[in-house]
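Participant: The structure's right below; bear with me while I get my questions together.
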Amino acid sequence: MILDGTLLPIDRIAADRPYYSGKHRKHGMNVQVIADPFGRLLWASPALPGGVHDIRAVRTHGIIDALANADIRCWADKGYQGAGGTVRVPYRGRTEKLSIG
C-alpha cells in the first residue's frame with residue numbers, strides 16, 4: 001500500500017489561518033489517501049485544515065494503528081518520518097553517508 005497526503009485547494013480569506021498551508025502557500029484541506037501499488041485509490045480520509053502536517057493527520061485519523069493491527073505494510077514519503085508501525089519511509093539523509101554494510 002502507498003500512503004500519501006494531498007492538499008485540496010479551496011477559496012478562503014486570509015483570516016482563516018488554520019486552512020493556510022505554508023508549504024504550498026495557499027489555502028486548502030489536507031486529505032490522506034491509501035492507494036494500491038498500481039495507484040488505484042483504496043481509501044481517503046476526512047479533510048483536515050491545510051495547516052495540519054501529514055504525520056499529525058494520520059495520527060488523528062488512527063491510520064497508523066489500523067495498518068499495524070491489520071498487519072498491512074505501507075510505503076510513505078519522508079513527511080511520515082517517525083510514524084512507526086508498519087509504515088516504511090525512505091532513508092533520511094544523503095546517500096554518501098551510508099556505510100558499506
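The values are calculated or read from the model by the stated rules, or taken from the named source; none is laboratory data. Everything numeric here is computed off the predicted structure, so don't read it as measured data. Here Cβ is always computed from backbone atoms with ideal geometry, including for glycine, and neighbour counts include all displayed protein chains. SASA here: full protein model, heavy atoms, side chains in, ligands and nucleic acids out. Shrake-Rupley method; radii C 1.70, N 1.55, O 1.52, S 1.80 Å.
Participant: Based on this model, can you work out whether Y19 counts as among the aromatic types (F, W, Y), in contact (Cβ under 8 Å) with a residue 60 or more places away in the chain and surrounded by 15 or more Cβ atoms within 10 Å (Cβ to Cβ)?
Facilitator: Numbers: among the aromatic types (F, W, Y): yes; in contact (Cβ under 8 Å) with a residue 60 or more places away in the chain: no; surrounded by 15 or more Cβ atoms within 10 Å (Cβ to Cβ): yes.
No; evaluated as a whole, the condition is false for this residue.
Participant: For residues that are modelled with pLDDT of 90 or more and part of a loop (DSSP other than H, G, I, E, B), tally how many sit in region 1-36.
Facilitator: Residues meeting the conditions: 2.
Participant: Identify all residues within region 44-94 that are open to solvent by less than 60 Å² (accessible area, probe 1.4 Å), more than 19 Å from V31 (Cβ to Cβ) and hydroxyl-bearing (S, T, Y); write none if there are none.
Facilitator: Of everything in region 44-94, just one residue is open to solvent by less than 60 Å² (accessible area, probe 1.4 Å), more than 19 Å from V31 (Cβ to Cβ) and hydroxyl-bearing (S, T, Y), namely T86.
Participant: Which pairs do you get when a residue that is farther than 20 Å from K78 by Cα, found in region 37-65, comes within reach of a residue that is assigned to a loop (DSSP other than H, G, I, E, B) and open to solvent by less than 50 Å² (accessible area, probe 1.4 Å), reach meaning Cβ atoms under 9 angstrom, with the pair 6+ apart or on two chains?
Facilitator: Listed pairs, sorted by first residue: L42/D36; P49/D16.
Participant: Here's another thing I want to ask about it. Tell me, yes or no, whether region 52-67 has at least one residue that is outside any helix (DSSP H, G or I), polar (S, T, N, Q), farther than 18 Å from M1 by Cβ and at pLDDT 85 or above. First the steps, then the outcome.
Facilitator: The initial filter retains those residues of region 52-67 that are outside any helix (DSSP H, G or I), namely 52-53, 62.
Within this subset, residues satisfying the condition of being polar (S, T, N, Q) are none.
Taking every residue of region 52-67 in turn, none turns out to be outside any helix (DSSP H, G or I), polar (S, T, N, Q), farther than 18 Å from M1 by Cβ and at pLDDT 85 or above.
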